[in-house]
1. What are the extents of the Cα atoms of the stretch 31-95 along their three principal axes, in Å, largest first?
2. Give the accessible area for LYS31 in Å² (nearest 10); use a 1.4 Å probe, count only protein heavy atoms, and leave out ligands, DNA and RNA.
3. Multiply the residue separation of ALA87 and GLU52 by 0.36 nm, subtract the distance between their alpha-carbon atoms, and state the gained length in nm to one decimal.
Amino acid sequence: AAAELCASGTYQPNSKQASCIDAPAGNYVAKTGATGYTACATGSYQPTAGQESCLECPAGSYCAGTGLSAVSGQCSAGTFSFAGASACSTCPEHINIIITSTYDFILKDICLFTHFCIWSSKVHGINM
């Protein structure tokens, strides 16, 4: 009987094997029949083994390296990030970050989908 191709999320580096190996956390296998796995790119992570893609780093956090199984950290007070960021950015002077119910971070005069900002002398948000 011919060996089955490994499903996405799994790989097998050796030929004629009866089983496949889950891609380790921080990595993924996008297609069937893979002989190896790929590290999650900067700005993404994957906490679970055996996956076919990585998760985008959420807004308000950053994913600084490749092959991450968790976000690198949360943005500190006076900084922000959009989803998929590898680092937090410093808030422009006199502009505060407002967080919507979905924790999207927003800047004044930049309108992207539900993103908006207000002028204020006080910082509002989850990272005080």
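The values are calculated or read from the model by the stated rules, or taken from the named source; none is laboratory data. Treat the numbers as computed from the prediction; the structure is a model and nothing was measured. For the accessible areas, the whole protein counts, side chains as well, though only heavy atoms, and no ligand, DNA or RNA atoms are used. Shrake-Rupley method; radii C 1.70, N 1.55, O 1.52, S 1.80 Å.
1. Principal extents (largest minus smallest coordinate, Cα): 53, 14, 14 Å.
2. 140 Å²
3. 10.1 nm
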